[in-house]
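Just so it is clear, none of the values below were taken in a lab; they were calculated from the coordinates. Quantities reported herein were computed from a predicted structural model and do not represent experimental measurements. Don't worry about glycine lacking a Cβ; one is built from the backbone with ideal geometry, like all the others, and counts go over all protein chains shown.
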Ligand SMILES: Nc1ncnc2c1ncn2[C@@H]1O[C@H](COP(=O)(O)OP(=O)(O)OP(=O)(O)O)[C@@H](O)[C@H]1O
Ligand SMILES: [Mg+2]
């Protein structure tokens with residue numbers, strides 16, 4: 001699936017992403033610095049009703065957000081591998097535990113530890129097409 005969006009309709013793009021109806025819980029977001037990975041993740045979290053202030057996990061590798069769905073307490077892990085060197089470091093930080101926890105995981109910089117990303121993960125590719133426009137390609141398995 002391919003989408004184009006700006007900040008004005010990022011919510012619609014995020015909704016389409018949740019509507020993929022995939023069994024996958026891991027969403028790997030690819031894209032250069034400033035492509036809008038964190039911004040898109042914020043939109044995804046907003047739609048789920050995440051109440052915590054969703055900051056950028058620049059200094060923490062793993063952020064945990066809580067929300068309620070159908071009366072159940074659920075969580076989303078927002079993981080940013082940018083500062084990690086390799087898979088070993090990611091593993092030591094507990095990234096695999098999150099990725100295989102069954103909870104939704106939104107992963108930035110998956111290319112830092114490709115071997116840790118579950119095969120059934122959905123891959124999203126963000127590219128800058130203008131000052132406020134982005135192209136999003138979603139490859140579901
Ligand atoms: N349509 C859009 N979608 C997402 N971000 C946009 C859009 N238009 C403008 N922006 C701006 O682009 C910037 C994207 O920054 P963001 O931190 O989300 O990128 P990132 O891919 O997470 O970068 P990094 O790799 O450094 O973590 C923000 O300042 C955001 O406001
Ligand atoms: Mg980011």
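So the values come out like this:
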item	result
Gain in span if fully extended, residue 75 to residue 140, counting 0.36 nm per residue against the direct Cα distance	21.2 nm
Residues residue 119 and residue 12, FRET efficiency given R0 of 35 Å [Cβ-Cβ distance, rounded to 0.05]	0.75
Separation in nanometres of the label points that stand 7 Å from Cα toward Cβ, at residue 97 and residue 20	2.6
GNM result for the chain, Cα springs below 10 Å: residue of 68, 22, 39 fluctuating most strongly	68
Part-to-part distance (alpha-carbon centres) for segment 97-141 and segment 1-53, which is given in Å	10
Theoretical ellipticity at 222 nm over the chain - DSSP helices of four or more residues, -39500 (n - 2.57) apiece, nearest 500	-6000 deg cm²/dmol
Extension gain, residue 111 back to residue 3 (0.36 nm per residue minus Cα-Cα distance, nm)	36.7 nm
Principal axis dimensions, the chain - Cα atoms, whole angstrom, descending	38, 37, 30
Additional length obtainable on full extension of the chain from residue 51 to residue 85, 0.36 nm per residue less Cα span	9.1 nm
